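Novice: My structure is below; once you've seen it, I'll send some questions.
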Amino acid sequence: MENIYSDGTYKEITRTWHTEDSAWKANQIMDAIKRKELYPAVVCEVGCGAGEILWELSRMLPEDVQLVGFEPSSLARAMQRLDPIGRIQFKNGDFLTTPTEHFDILLLIDVFEHIPDYFGFLQAIRSRADVVIFHIPLELTAFNLFRGGILAASRNTLGHLHFFNRDIESCGYTIVSESYTNWVEELPHRASLQPFLRHSLRLLKLLCGDHTAVRLLGGHSLLVVAKS
């Protein structure tokens, strides 16, 4: 079945499959792993795209940690760099229907907003890992609703089928920690209204605190560490 990830639309829009954000995302993941004192032997990323987050993590994690990436899109897989020593293994196909080992950490980095039945998906993967780290875009903000058309554009160009704020359902997972990732400050190429958002968020954070500022203006994603 053709979709924007297999028919070339997503690659044409993003050009790089967001590889320019990979180092930043890997740093957010490593910060969470260190804060929670996690010592994985095998880490798996579902929907790994071009695989650059795993390559970045391979430079940060101990050398004996194995990394696995699942990606169903052949166009994204064509962008993956193969690891000559086999520490990073890229897998084709649907993670849900592919038998795998049990992982220490499962990564879902900006993934389940693309999945039609994300409740069912999250329930189905609970038994596949001890810990799951999610990175979730927080697009359901007052600013986006006021501007109009932003969420529709996100659906049409990025394939986001669902939109979230911080009040996301836990879906049966035990939340260990959650923190904001500040892409509007740290990834300036991501925000068309970046100067306005940056200065307004700083002011609102001082006046109202982080939660209210993000709920109103956005500019952040949510990084969640959960036990399955």
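The values are calculated or read from the model by the stated rules, or taken from the named source; none is laboratory data. The structure presented is a predicted model; accordingly, all values stated were derived computationally and were not measured. No Cβ is skipped: glycine too gets one built from the backbone with ideal geometry, and neighbour counts run over all protein chains shown. The accessibility values were calculated without ligands, DNA or RNA, using every heavy atom of the protein model including side chains. Shrake-Rupley method; radii C 1.70, N 1.55, O 1.52, S 1.80 Å.
Novice: Which members of segment 71-92 meet the condition of being in a strand (DSSP E or B) and touching a Phe, Trp or Tyr at 6+ places or on another chain (Cβ under 6 Å)?
Specialist: Of all residues in segment 71-92, those in a strand (DSSP E or B) come to 71, 88-92.
Residue satisfying the conditions is 91 alone.
Novice: Sort out which residues of segment 125-141 are at pLDDT 95 or above and part of a helix (DSSP H, G or I), and write them in order of number.
Specialist: 128
Novice: Here's a check for you: in segment 72-91, which residue that is touching a Lys or Arg at 6+ places or on another chain (Cβ under 8 Å) and more than 23 Å from residue 41 (Cβ to Cβ) is surrounded by the most Cβ atoms within 10 Å (Cβ to Cβ)?
Specialist: In this case the residue turns out to be 76.
Novice: Could you check segment 171-228 for helices (runs of 4 or more DSSP H) lying wholly inside it with 3 or more residues that are open to solvent by less than 80 Å² (accessible area, probe 1.4 Å) and modelled with pLDDT under 90?
Specialist: By residue number, 194-208.
Novice: May I ask you to verify whether residue 99 is outside any helix (DSSP H, G or I), more than 28 Å from residue 16 (Cβ to Cβ) and open to solvent by 30 Å² or more (accessible area, probe 1.4 Å)? Lay out the reasoning, then the answer.
Specialist: Numbers: outside any helix (DSSP H, G or I): yes; more than 28 Å from residue 16 (Cβ to Cβ): yes; open to solvent by 30 Å² or more (accessible area, probe 1.4 Å): yes.
So residue 99 passes the test.
Novice: Could you run through segment 19-65 and say how many residues are on the phi > 0 side of the Ramachandran plot, touching a strand residue (DSSP E or B) at 6+ places or on another chain (Cβ under 9 Å) and surrounded by fewer than 14 Cβ atoms within 10 Å (Cβ to Cβ)?
Specialist: Count: 0.
Novice: Among 9, 14, which is the only one that is open to solvent by 40 Å² or more (accessible area, probe 1.4 Å) and within 27 Å of residue 155 (Cβ to Cβ)?
Specialist: On the way: 14 fails: open to solvent by 40 Å² or more (accessible area, probe 1.4 Å).
None of the others qualify; the one that does is 9.
Novice: Output the residues belonging to segment 102-134 that are open to solvent by 40 Å² or more (accessible area, probe 1.4 Å) and touching a Lys or Arg at 6+ places or on another chain (Cβ under 9 Å).
Specialist: 102, 130, listed by residue number.
Novice: Evaluate the following for residue 165: is it surrounded by 13 or more Cβ atoms within 10 Å (Cβ to Cβ), part of a loop (DSSP other than H, G, I, E, B) and among the polar types (S, T, N, Q)?
Specialist: Here the answer is yes, as residue 165 does meet what is asked.
Novice: Also, I was wondering about something else. Give just the number: which of (1) farther than 25 Å from residue 165 by Cβ; (2) in contact with a Lys or Arg (Cβ under 8 Å, 6 or more places away or on another chain); (3) not acidic (Asp, Glu) does residue 53 not satisfy?
Specialist: It fails just one condition, (1).
Novice: Considering only residues that are touching a residue at least 24 places away in the same chain (Cβ under 8 Å) and among the small types (Gly, Ala, Ser), look in segment 102-141 and name the one that is farthest from residue 217 (Cα to Cα).
Specialist: The qualifying residue farthest from residue 217 (Cα to Cα) is 127.
Novice: Does any residue of segment 17-30 turn out to be assigned to a loop (DSSP other than H, G, I, E, B), out of contact with any His (no Cβ under 8 Å at 6 or more places or on another chain) and in contact (Cβ under 8 Å) with a residue 12 or more places away in the chain?
Specialist: Yes, there is a match, as at least one residue in segment 17-30 is assigned to a loop (DSSP other than H, G, I, E, B), out of contact with any His (no Cβ under 8 Å at 6 or more places or on another chain) and in contact (Cβ under 8 Å) with a residue 12 or more places away in the chain.
Novice: Over 30 Å from residue 204 (Cβ atoms) and either outside any strand (DSSP E or B) or not charged (D, E, K, R) (or both), is that true of residue 107?
Specialist: Yes; evaluated as a whole, the condition is true for this residue.
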